[in-house]
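The values are calculated or read from the model by the stated rules, or taken from the named source; none is laboratory data. No experiment lies behind these values; they were computed from the predicted model shown. Every residue, glycine as well, gets a Cβ built from its backbone with ideal geometry; the counts of neighbours run over all protein chains shown.
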Amino acid sequence: MGDPRNTGTLQDIVPEARPHFERLIADAQKMGISLKVRSAGRTCADQQALKALGPGVTGAGMCRSLHTVGRAVDFDAWPNDCATYTRLGQLWESWGGTWGGRWSQFGGCGDAGHFHFMPGHQSTPVELCPSDVTLADCERLRSAYLDDQFGGGFSWPKLLGVTAAAAGVAGAIWWSR
């Protein structure tokens, strides 16, 4: 699969969500908008490093971003303006997704390039990585979740040196909450 940190493709997106992102790219093209994947999947450590850059970058550390579980994509659009992202965001929301352009803490256009898809959650669920667990615990739980979502075929756990068995019971308990 290559570098799991930032592939710039949709290969990191879980099978349930990926068709929605593919549809957004196709519909954007029909609207005369070019979309490029800037960032999709991330490790918990990568997300933590982004959080360390400050609140203007992200408010989500460790595995508290849907990027870490293959359900969020940051796009660069052309034309690159707030009106373009707003059109895409409204379309995305009509399909049940969440658009970062509504997040005013990032300025006038919000986090306009951020799109995530996790039905039933309008924001990132803290359950992905509660504050009382370590970064290593979050990585193991994330890996178990991704292994389940990809039907055992996801390769990040191997690349990170974490097996589904290592995540084991903790992952089963985590996701049954």
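You will find that of Ala83, Ala49, Ala45, the residue that is in a helix (DSSP H, G or I), hydrophobic (A, V, I, L, M, F, W, C) and either in contact (Cβ under 8 Å) with a residue 60 or more places away in the chain or assigned by TED's automatic domain parsing to the domain that holds Leu135 (or both) is Ala45 and no other. Answer yes if at least one residue in region 84-104 is under 24 Å from Asp148 (Cβ atoms) and crowded, with 18+ Cβ neighbours inside 10 Å, and no otherwise. Yes, that holds for at least one residue. Screening Ile13 with (1) surrounded by 15 or more Cβ atoms within 10 Å (Cβ to Cβ); (2) assigned by TED's automatic domain parsing to the domain that holds Gly97; (3) assigned to a loop (DSSP other than H, G, I, E, B) gives one miss only, at (2).
Results for (1) closer than 21 Å to Arg18 by Cα; (2) assigned to a helix (DSSP H, G or I), shown as yes or no for each residue.
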position	(1), (2)
Arg38	yes, no
Arg64	yes, no
Thr68	yes, yes
Gly96	yes, no
Gly110	no, no
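Listed by first and then second residue, the pairs linking a residue in region 115-133 that is farther than 17 Å from Thr58 by Cβ and of a type in the set (D, E, K, R) to a residue that is at pLDDT below 80 and surrounded by fewer than 22 Cβ atoms within 10 Å (Cβ to Cβ), with Cβ atoms under 9 Å apart and 6 or more places separating them unless they lie on different chains, are Glu127/Trp174; Glu127/Trp175; Glu127/Arg177.
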